[in-house]
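Here is the structure we will look at.
Read-outs throughout are calculated quantities, based only on the coordinates presented, and are distinct from any laboratory measurement. Since the model is a prediction, treat every value here as computed from it, not as a measurement. Using ideal geometry, Cβ is built from the backbone for each residue, glycine included, and neighbour counts are taken over all protein chains shown.
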Amino acid sequence: MTQEDGQLDSLVRKRIRALRVAQGWSLEELATRANLSQSSLSRIENGQRRLALDQLVTLARALDTTLDQLVENAADEVIISPMIDSAHGLMRWPMKGDPGMSVMRQRMTGPPPDNPARMRAHPGREWLVVLSGTAILMLGHRRFRIETNQAAQFPTMMPHAIGAEGGPCEIMGIFDRDARRGHRKDAGADGTEADCGGERGPCE
């Protein structure tokens, strides 16, 4: 076993124990959920038993995580640089470990559209927080005022739009793959992007 393999082996064992403790489970409770004996689980956590793939799969499932996340190498890339669209005041970061998810930061200056026809509806999940200023979320026929440090989560199958109130605002949102795809499909036939609120720009 190389030094790197040994470090990963130790990390996985510590991760199993940390996840168990975070759930408030005893060795016996996790062993029962993973269909292992308590002594086997104890030896796995303490490095006295070889890590077997089938046991790691079962433990990951019992700990409500994935095998990839359980054995993720701590030496993997930590710092992620954003993809920048300076024309629309937008930055986007892919979510490590889940390429379908992305984080977006955008500056908005205009109000949301008044015309319901310009509101979007699409599958997916979205969550956003206002970093500065005040945002207005139009959701169907309802209007929500979101102030700095407040967050919003809403069903994207309901027509929606977001913009600024009383001056520029900055928002940070998390989008799943369906939400990003839905925003791209809102692009007009002329090749321009759909409104993401009061500004013209990509909505992802």
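Here is how the numbers come out for the structure above:
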| read-out | value |
| --- | --- |
| Stretchable slack from Asn35 to Ala18, in nm (0.36 nm times residue separation minus alpha-carbon distance) | 4.2 nm |
| Within the stretch 9-74: Cβ-based charge dipole about Cα centre, in debye rounded to nearest 20 (Lys, Arg +1; Asp, Glu -1) | 200 |
| Potential extension, Ile80-Ser42 segment - 0.36 nm per residue separation minus Cα distance | 10.1 nm |
| Whole-Hz ³J(HN,Hα) from phi, Karplus 6.51 cos²θ - 1.76 cosθ + 1.60, for the stretch 84-91, glycine and proline x | 10, 10, 5, 5, 10, x, 10, 10 |
| Magnitude of the charge dipole, the stretch 52-164, Cβ model with Lys/Arg +1 and Asp/Glu -1, debye to 20 | 740 |
| The stretch 8-13 - phi-based ³J(HN,Hα) in whole Hz, Karplus 6.51/-1.76/1.60, Gly and Pro as x | 5, 4, 5, 5, 4, 5 |
| Distance in nm between pseudo-label sites at Leu53 and Thr109 (7 Å out along the Cβ direction from Cα) | 5.6 |
| Two-decimal ratio, the stretch 24-67, of alpha-carbon radius of gyration to 2.2 N^0.38 Å | 1.03 |
| R0 of 30 Å, Cβ-Cβ distance Ala151-Ala121: FRET efficiency to nearest 0.05 | 0.90 |
| In Hz, Karplus ³J(HN,Hα) per residue of the stretch 158-163 (6.51, -1.76, 1.60; θ = phi - 60°; x = Gly, Pro) | 8, x, 8, 7, 9, x |
